[in-house]
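To start, the structure itself, in structure tokens.
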Amino acid sequence: MVSRWLYVGLILLVVVQRSSELRVAKRNERLARAAGAVEAGAGHYPWMVTIHTLFLVSCVLEVWLLERPFAPRAAGAMLLLLGVATALRYWTISTLGERWTTRILVRPGVPLVAEGPFRWLRHPNYLAVVIEIAALPLVHGAWLTAAVFSAANAALLTVRIRAENAALESHAAG
């Protein structure tokens, strides 16, 4: 029972973290739009918000309602993966600076970022999200949430990455 409450605390920590990130993203969005940024993929954005919100709720509900067991070794491995994903996310955010938002906003004529994790990956933040969606539920054995939301996220990322790549190719400087 104690592990469940600690898990709820972890989920609440993630909620606080995401809320803080959303404030930064909103500020950056205003700056990008003021600088003439063009938005792409706005139609899938509400689905992204819905999936990510339901994901966090599902993590808690599966652990409590289906009484998922806590396995310390698995939890330790998943917490390590979450740490790696969080580090990658914040490296990405700091590399993009004011260009980081949760929406696809491209400033015409501005070159692509090629430093930080972008030296090796085209979409490092999405890799961080893939890891988080798989690992966070598995901290407390919520394998159903990990499977369902990993599949939903994969479908969403297929649409999102296509939209983002097309926007970058159309508007960013070479």
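Among 104-110, 39-45, what's the highest-first ranking by average C-beta atoms within 10 angstrom per residue?
Most protected by this proxy first, the peptides run 104-110, 39-45.
Would you mind working out the magnitude of the charge dipole of region 2-171 relative to its Cα centre, with +1 at each Lys and Arg C-beta and -1 at each Asp and Glu C-beta, to the nearest 20 Debye?
260
Please identify the GluC sites (Glu not before Pro) of region 53-138 that satisfy two criteria: DSSP loop assignment and at most 12 other Cβ atoms within 10 Å. Which are they?
GLU67, GLU115
Measure of size requested: the Rg and Dmax of region 2-171, with Cα atoms as the atom set and Å as the unit; please supply both.
16.9, 54
For the chain, what does the relative contact order come out to in percent, with C-alpha contacts under 8 Å and a separation of six or more?
Rounded, it is 35 percent for the chain.
Would you mind getting me the FRET efficiency between TRP64 and ARG162? Use the beta-carbon distance for r and R0 = 41 Å, nearest 0.05.
0.65
Using the basic label-point model (7 angstrom from Cα toward the beta carbon), what is the TRP143 to GLU21 distance in nanometres?
About 2.7 nm, to one decimal.
Along the charge dipole of the chain, pointing to its positive end and built from +1/-1 on Cβ of Lys, Arg, Asp and Glu, which listed residue (PHE149, VAL113, GLY76) has its Cα farthest out?
Ranked along the dipole, the leading option is VAL113.
Run the numbers for VAL130 and GLU169: contour at 0.36 nm per residue of separation, minus the present Cα-Cα distance, in nm.
Numbers: separation 39, 0.36 × 39 = 14.04 nm, distance 2.38 nm.
Contour length minus the Cα-Cα distance gives 11.7 nm.
The numbers here are math on the coordinates, done by the rules we state, and not lab data. Computed from a prediction, not measured in an experiment: that's the story for all the values here. Cβ atoms come from the backbone with ideal geometry, glycine included; neighbour counts cover every protein chain shown.
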